Amino acid sequence: MLRTIRVQHEDFDAALESAKLTKGRTDIGAVVTFAGLCRDEGGKLAALELEHYPGMAEEEMSRVVDQAIERWPLQGVTVIHRFGKIEPGAQIVLVVTASSHRVAAFEAATFLMDYLKTRAPFWKKEHHKDGTAGEWVEAKDVDDAAAARW
């Protein structure tokens, strides 16, 4: 099984990452790809700055990918999370899950995103278009509720 976990500054190619999971495979019946983008928050955001602890972030992401592999019959998983200043419209995170059946691929992708949104060791700070730095972004109750179902 192909298992890819990366934390990187550079952008990623979601189609290329999906193709890597399925190349030469005939046992895969479903691929779910989720790419999270930076919003402009109603036009006020110039960038979102993401920080992480190198090594710790990858280790935690690896741990949760292992949990997804234990819970669902997956043939492949890719999780990529970017760091640095990300402008509105740019990609931040990619989750790709491959399985024989769609339900497992969808559920595993949702589980992974719920974890990344609430518990992965990344910190986000807003930078406003007016030149001011916003606060560090807190997890939202709706995100915590989504993660609690797992």
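Coordinate-derived values only; no laboratory data. Keep in mind the model is a prediction, meaning the values are calculated, not measured. Ideal geometry is used to build each Cβ from the backbone, glycine not excepted, and the neighbour counts take in all protein chains shown.
Test of understanding: what is the full-extension gain from LYS140 to ARG119, defined as 0.36 nm times their sequence separation minus their Cα-Cα distance?
Roughly 6.4 nm would be gained on extension.
Once the Cβ-Cβ distance between THR26 and ALA133 is put in as r, and R0 is 41 Å, what FRET efficiency do you end up with, to the nearest 0.05?
Efficiency, from the Cβ-Cβ distance: 0.20.
If you keep only loop residues by DSSP, which GluC sites (Glu not before Pro) in the range 10-55 have at most 15 other Cβ atoms within 10 Å of their Cβ?
GLU10, GLU41
Lys and Arg at +1, Asp and Glu at -1: add these up for the other residues within a Cβ distance under 12 Å of PHE122 and post the number.
Here the count lands on +1.
Might you report the magnitude of the Cβ-based charge dipole of the chain about its Cα centre, with Lys and Arg at +1 and Asp and Glu at -1, to the nearest 20 debye?
Approximately 460 debye in magnitude.
Quick check on my link table: of LYS20/LYS140; LYS85/LYS117; LYS20/LYS129; LYS44/LYS117; LYS20/LYS124; LYS44/LYS140, which ones sit more than 26 Å apart, alpha carbon to alpha carbon?
Beyond 26 Å: LYS20/LYS140; LYS20/LYS129; LYS20/LYS124.
Given H placed 1.01 Å from N in the peptide plane, which residues other than close sequence neighbours of LYS129 have an amide H under 5 Å from its amide H?
Residues meeting the amide H criterion: LEU45, ALA46.
Suppose only helical runs count, i.e. DSSP H with n ≥ 4. What mean residue ellipticity at 222 nm does that imply for the chain under -39500 (n - 2.57) per run, divided by all residues and rounded to the nearest 500 deg cm²/dmol?
Estimated from H runs of four or more residues: -10500 deg cm²/dmol.
Can you pull the one-decimal nm distance between simple spin-label points at LYS44 and ARG3, each 7 Å off the Cα toward Cβ?
Inter-label distance under the simple model: 4.2 nm.
Mind checking which helices in the chain clear 20 Å along their axis (Cα) and have mean Kyte-Doolittle hydropathy of -1.0 or more, DSSP H runs only?
The answer, listed by residue number, is 56-71, 102-118.
Mind checking the full-extension length gain between ALA90 and LEU16? Use 0.36 nm per residue of separation minus the Cα-Cα distance, one decimal, nm.
25.0 nm
Once fully extended, how much extra length lies between ALA35 and ASP66, figured as 0.36 nm per residue of separation less the alpha-carbon to alpha-carbon distance?
Extra length available between ALA35 and ASP66 comes to 9.1 nm.
What residues have an amide H closer than 5 Å to that of GLY29, excluding those fewer than 5 places away on the same chain, when H is modeled at 1.01 Å from N in the peptide plane?
HN-HN under 5 Å from GLY29: SER99, SER100, HIS101.
What list do you get for TYR53, TYR115 if you sort them by fewest beta carbons within 10 Å?
By the 10 Å Cβ count, ascending: TYR53, TYR115.
Run through the range 62-131 and list the trypsin sites (Lys or Arg not before Pro) located in a DSSP loop whose Cβ has at most 13 other Cβ atoms within 10 Å.
LYS129
Counting Lys and Arg as +1 and Asp and Glu as -1, what is the net charge of the other residues whose Cβ lies under 15 Å from the Cβ of LYS20?
Net charge in that neighbourhood comes out at +2.
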